[in-house]
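Colleague: Shown below is the structure under consideration.
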């Protein structure tokens, strides 16, 4: 494992600040940042209009992303993945990726309340108007119903961040 890179990934409700945190972690750890939003918009421009579209296309890119990330990790490159790890199944995908690449990981859990996330989503709609159709309270509630906080039995190297620090 000495020459392997480390994988950083994120868990948190919509609006918790995962993308913002991913940028700072990439800078702090001399890591490559790989964003699901960037990959999806590059590969499927204008095709993601609904949450179901997002699920369909995010599944399609996963095998390519996984191989790419594992190759980077094996070269000793740290990788920050701005992809959701918000369910047990999603986190299992990340941990399998790490086990196969024989690398360390950190899961950053941004543990904010619904109110804090909705407030940040409202700000984001103003700052990034192109996201306004997706960044709504209705979508937040639709997505949040699937959210599963990480548990100890998942054997994760967990970094928990609350709104207070």
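Colleague: Please work out the Cα center distance from region 124-148 to region 65-91, rounded to the nearest Å.
Modeller: 24
Colleague: Against the longest principal axis of the chain, how steep is helix 88-101, in degrees 0 to 90 to the nearest 10, with axes from Cα atoms?
Modeller: 30
Colleague: Oh, and also: Looking only at Cα atoms, what is the convex hull volume of the chain per residue, in Å³? Present the calculation step by step, with values, prior to reporting the outcome.
Modeller: Details: hull volume 19.4 nm³, N = 165.
It is 117 Å³ per residue.
Colleague: Give me the angle, in degrees from 0 to 90, between the Cα long axis of helix 114-127 and the longest principal axis of the Cα atoms of the chain, rounded to the nearest 10.
Modeller: Roughly 80 degrees, rounded to the nearest 10.
Colleague: Sticking with this structure for a sec: How are the alpha carbon pair distances in region 91-142 distributed across 10 Å bins from zero to the largest one, expressed in percent?
Modeller: For region 91-142, the binned pair fractions read 21, 31, 25, 23, 0 percent.
Colleague: Right, something else. Let me know the whole percent of all Cα-Cα pairs from region 33-103 that are separated by more than 17 Å. List each step's numbers first, then the result.
Modeller: On the way: 1082 of 2485 pairs.
Roughly 44 percent, rounded to a whole number.
Colleague: OK, next. Stretched out fully, how many nm does the piece from residue 55 to residue 3 gain, at 0.36 nm a residue minus the Cα gap? Provide the component values of the computation, followed by the final result.
Modeller: Details: separation 52, 0.36 × 52 = 18.72 nm, distance 3.40 nm.
In short, 15.3 nm is gained.
Colleague: Report the gain in length on full extension from residue 123 to residue 37: 0.36 nm times residue separation, minus Cα-Cα distance, nm rounded to one decimal. Before the final figure, lay out each step's value.
Modeller: Details: separation 86, 0.36 × 86 = 30.96 nm, distance 1.86 nm.
Contour length minus the Cα-Cα distance gives 29.1 nm.
Colleague: Expected output is a single nm value to one decimal: the length gained when fully extending between residue 154 and residue 62, i.e. 0.36 nm times separation in residues minus the C-alpha distance. What is it? Intermediate results must be reported in sequence, preceding the final value.
Modeller: Values: separation 92, 0.36 × 92 = 33.12 nm, distance 2.08 nm.
Full-extension gain reported as 31.0 nm.
Colleague: Further, regarding this structure: Show that you can apply the helix-only estimate: for the chain, add -39,500 (n - 2.57) for every DSSP H stretch of four or more residues, divide by all residues, and state [θ] at 222 nm to the nearest 500. Before the final figure, lay out the partial values.
Modeller: Working: 6 runs with 79 residues, N = 165.
Theoretical 222 nm ellipticity from helices: -15000 deg cm²/dmol.
Colleague: Here is a follow-up. What is the helix-to-structure angle for 51-74, meaning the angle in degrees between its Cα long axis and the longest Cα principal axis of the chain, kept from 0 to 90 and rounded to the nearest 10?
Modeller: 20
Colleague: Go ahead and collect, in residue order, the members of region 55-94 whose backbone nitrogen is under 11 Å from a label point 7 Å along the Cα-Cβ direction of residue 113.
Modeller: none
Colleague: For the pair residue 19/residue 44, report the inter-label distance in nm, with labels modelled 7 Å from Cα in the Cβ direction.
Modeller: Using points 7 Å along Cα→Cβ, the separation is 1.7 nm.
Colleague: Pop the C-beta distance of residue 141 and residue 104 into the FRET formula with R0 = 41 Å and round what comes out to the nearest 0.05.
Modeller: On the way: r = 35 Å, r/R0 = 0.85.
With a Förster radius of 41 Å, E is 0.70.
Any read-out appearing in this document is the output of simple, stated calculations on the displayed coordinates, not a laboratory observation. A quick note: this is a predicted structure, and the numbers were derived from the prediction, not measured. Neighbour counts run over all protein chains shown; Cβ positions are idealised from the backbone, glycine included.
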